[in-house]
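Enquirer: Structure below; questions to follow.
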Amino acid sequence: MDPSALRYIPNVITGLRLILVLPIAFSIFKENYIAAFLLFAISGLSDALDGFIARRYGWVSALGRLIDPLADKLMMMTTTLTLGLLGHFPEMLMVLIIVKDLTILAGVFPYTTLAGFPRIQPNLMGKWTTAAQIFLLASVLLNLGFPGTLPELFFNVFFWIVAIMTSFDGVIYLWLWTLRLIDDPRWKEST
């Protein structure tokens, strides 16, 4: 094997994470919550693994910078939507998470059109919010697979925490991307 081919390992892992999105949703629809939880956990661990490998060995690529956040958003939105539609996740929180993520994804396209491809870099609040959302979704799946594992009070409190974090994160992203676009010389040249 050509050693230079190893630099594609993070992208392959991310591709596998993209492939897991449908089996996770299918497992939830079939009420096989233990399988959904395990697949979701594998997906989450693969996200950490591909990021670690890419940074550790310098195997960061333009494709990886694009598909990694896309895979994360797709996994989060699909799992949230599936759980919400089946009544296992508060509808308002489902809508909030999906609207925020779609807004972020939709914002990349106009930015790309107006100022070229953006350098996508999550902020600290975005990382915390994503971690909290992943933890919440994993907790819901775990509790569905093993009823009573977590008390109802945990979910009542954590749903609100995630809702507040998601709202705040959405406002931060909107503010930062607007400032970034205004300050971008490519945007200034096109206006």
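The values are calculated or read from the model by the stated rules, or taken from the named source; none is laboratory data. None of these values were measured; they are calculated from a predicted model. Glycine also receives a Cβ, built like all others from the backbone with ideal geometry; neighbour counts cover every protein chain displayed.
Enquirer: Exactly one of these conditions fails for Leu16: (1) buried (at least 20 other Cβ atoms within 10 Å of the Cβ); (2) without any contact (Cβ under 8 Å) to a residue 60 or more places away in the chain. Give me its number.
Expert: Every listed condition holds for Leu16 apart from (1).
Enquirer: Do you know which residues across region 51-78 are modelled with pLDDT of 85 or more and touching a Phe, Trp or Tyr at 6+ places or on another chain (Cβ under 9 Å)?
Expert: Ile53, Trp59, Met75, listed by residue number.
Enquirer: Given (1) more than 28 Å from Val140 (Cα to Cα); (2) under 19 Å from the mean Cα position of the chain (by Cα); (3) crowded, with 16+ Cβ neighbours inside 10 Å, identify the lone condition not met by Ala62.
Expert: With (1) more than 28 Å from Val140 (Cα to Cα); (2) under 19 Å from the mean Cα position of the chain (by Cα); (3) crowded, with 16+ Cβ neighbours inside 10 Å applied to Ala62, the lone miss is (3).
Enquirer: Follow-up question, since we're still on this one. Does Leu102 count as touching a residue at least 24 places away in the same chain (Cβ under 8 Å), within 12 Å of the chain's Cα centre (by Cα), exposed (fewer than 13 other Cβ atoms within 10 Å of the Cβ) and in a helix (DSSP H, G or I)?
Expert: Taking the combined requirement at face value, the residue satisfies it.
Enquirer: If you don't mind, there's one more thing I want to ask. Which residues, taken from region 74-99, are in contact with a helix residue (DSSP H, G or I) (Cβ under 8 Å, 6 or more places away or on another chain) and not in a helix (DSSP H, G or I)?
Expert: Result: Leu86, His88, Phe89, Pro90.
Every residue, every condition in (1) surrounded by fewer than 16 Cβ atoms within 10 Å (Cβ to Cβ); (2) within 19 Å of Val99 (Cα to Cα); (3) in contact with a strand residue (DSSP E or B) (Cβ under 6 Å, 6 or more places away or on another chain); (4) not charged (D, E, K, R), yes or no:
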site: Ala138; (1), (2), (3), (4): no, no, no, yes
site: Leu141; (1), (2), (3), (4): no, no, no, yes
site: Phe146; (1), (2), (3), (4): yes, no, no, yes
site: Trp160; (1), (2), (3), (4): yes, yes, no, yes
site: Val171; (1), (2), (3), (4): yes, yes, no, yes
site: Trp177; (1), (2), (3), (4): no, yes, no, yes
